[in-house]
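Remarks on the structure that follows.
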Amino acid sequence: MVRVVVVGGGVSGVGTALALLKRQPQCHLTILAQDFSPATTGDGAAGLWEPYLTGETPYDKVGQWSLGTWKLFSEWWRSGLARKMGVNLLQGAIVGEEDCRIEPWHHLAFYCKDLTQEQCMQINPKYRSGFKLASMTGEVSKFLPVLLEEVKSLGGRLEVRRVSSLQEAAAEADLVINCAGLGSRDLVPDPTVYPCRGQVIRVRAPWIGEFLCDIATELSTYIIANTDTVVLGGTHQNHDWRLDVDPNDSQTIWDNCTTLMPSLKRAEVVQEWVGLRPCRKEGVRLEADEILLDSRTVPVVHNYGHGGCGVTLFWGCGQEAAAIASDLIYKYHGPPSRL
Ligand SMILES: Cc1cc2nc3c(=O)[nH]c(=O)nc-3n(C[C@H](O)[C@H](O)[C@H](O)COP(=O)(O)OP(=O)(O)OC[C@H]3O[C@@H](n4cnc5c(N)ncnc54)[C@H](O)[C@@H]3O)c2cc1C
């Protein structure tokens, strides 16, 4: 039986593991991770379907991968699983002081349309550019535990452990899938991977059902409704490794968001949270590689560097990573009947 080790228990790792188990039910798969939900990067994210901070990832790939997740969220919605999986349909606006434009992938969403300068200025006089978007959110803290159960029901194992290199994982595997996010900086090693610190405040404000994002600036102010709560953001601080809540950032987020939507002053704060987006200069790395051990060569599939939109990309990326992994299993070990 082919032994597969997936390093990483965030959306990328779990999505890839599930896609591979569906393609290769006979493989012996383990997800090995230092942290599982609710302690992964996606667990505190608003999960807005919106490709953001994608580095130099090719446009066609961003479109292809985000379409994969769009279809999954839509399927959950249509089949009555929206509440359980934390999927919310919502419309909103993406605005900025200048040059805030519709990208090709936005046309995959329900609806997108440019706003006039006057409409932007009605949101706040500082905005000059923007567009409307009807999209979805997928809350990782709700759907990831469900996907983990599915992995287990298909025979996958979970192991809580930190590894110090991919070689260490490869020593006990015939194939390694690297979904370690920011951890890839040391594990690969890949020095082009860096953190983009994001701090948010989660509030209860059931009267807010839309989103508003000003993501063009360092402050990255946004208000995004989830199923039960609303996420107020945020920061995007490159190369900042701090995981503790910064009271100055909290104050700035609160001031900016309540200026944009004064009714938020009545909202009850339920959580303050910091996550480090796994950014990479060249964007997502999704490709085959190999590790040379003393006695053998172990094939590897990398799937990391999803930056500010790993939720948006996870299902599409997981499908592609699983397809590459399947080809490698075939190449190194032959068809399933011979395993
Ligand atoms: C504030 C904030 C808001 C965001 N909002 C959105 C949004 O609205 N929409 C969107 O699409 N995206 C959003 N994102 C981005 C998204 O959350 C991330 O891109 C995504 O969660 C990355 O998932 P991942 O599985 O690749 O990495 P991670 O979730 O970081 O998982 C990495 C995994 O690897 C494991 N690992 C790492 N190193 C090791 C090691 N040495 N040994 C063992 N295990 C290891 C970790 O324990 C973890 O299990 C947001 C992020 C932040 C911080």
Ranked list, fewest to most other Cβ atoms within 10 Å of each Cβ, for Phe211, Phe314, Phe131, Phe110
Phe110, Phe131, Phe211, Phe314
Taking Ile177, Ile102, Ile94, Ile324 and counting other C-beta atoms within 10 Å, the order from fewest to most
Ile102, Ile324, Ile94, Ile177
Inter-label distance, nm, simple model (7 Å from Cα along the C-beta direction), Met121/Val146
4.5 nm
What's the tally of Lys pairs in region 3-338 whose alpha-carbon atoms lie under 18 angstrom apart, where the two lysines are 8 or more places apart or on different chains?
9
Please compute the modelled spin-label separation between Glu268 and Ala134, points set 7 Å along Cα→Cβ, answer in nm with one decimal.
3.2 nm
Among Gln119, Leu67, Cys213, whose Cα lies farthest out toward the positive end of the dipole of region 3-338, if unit charges sit on the beta carbon of Lys, Arg (+1) and Asp, Glu (-1)?
Leu67
So for the chain, taking the charge dipole from beta-carbon charges (+1 Lys/Arg, -1 Asp/Glu), which of Val14, Val230, Ala267 sits furthest toward the positive end?
Val14
Distance in nm between Arg157 and Ala288 label points, each 7 Å along Cα→Cβ, equals 2.6 nm
Where only C-alpha atoms are counted, convex hull volume of region 3-106 per residue in Å³:
153 Å³
Evaluate the Kirkwood expression for the hydrodynamic radius of region 72-211, namely the inverse of the mean inverse distance over all pairs of different C-alpha atoms, and round to one decimal in Å.
19.2 Å
In Å, what Kirkwood hydrodynamic radius results for region 143-286 from the alpha-carbon pair distances?
17.7 Å
Helix 310-333: angle to the longest alpha-carbon principal axis of the chain, degrees 0 to 90, nearest 10?
10 degrees
Nearest-0.05 FRET efficiency for Tyr332 and Glu103 at R0 = 41 Å, using Cβ-Cβ distance, is 0.60
Assigned charges on the beta-carbon of Lys, Arg, Asp, Glu; the chain dipole about Cα centre (debye)
900 debye
Log entry: pair-distance distribution for the chain, C-alpha pairs binned every 20 Å from zero, whole % per bin is 32, 56, 12, 0
Out of the DSSP beta bridges found with both residues in the chain, what percent are antiparallel (nearest 5)?
70 percent
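Rule-based calculations on the coordinates, nothing more; no lab input. This one's a predicted model, so the numbers in the text were calculated from it and none came from an experiment. Using ideal geometry, Cβ is built from the backbone for each residue, glycine included, and neighbour counts are taken over all protein chains shown.
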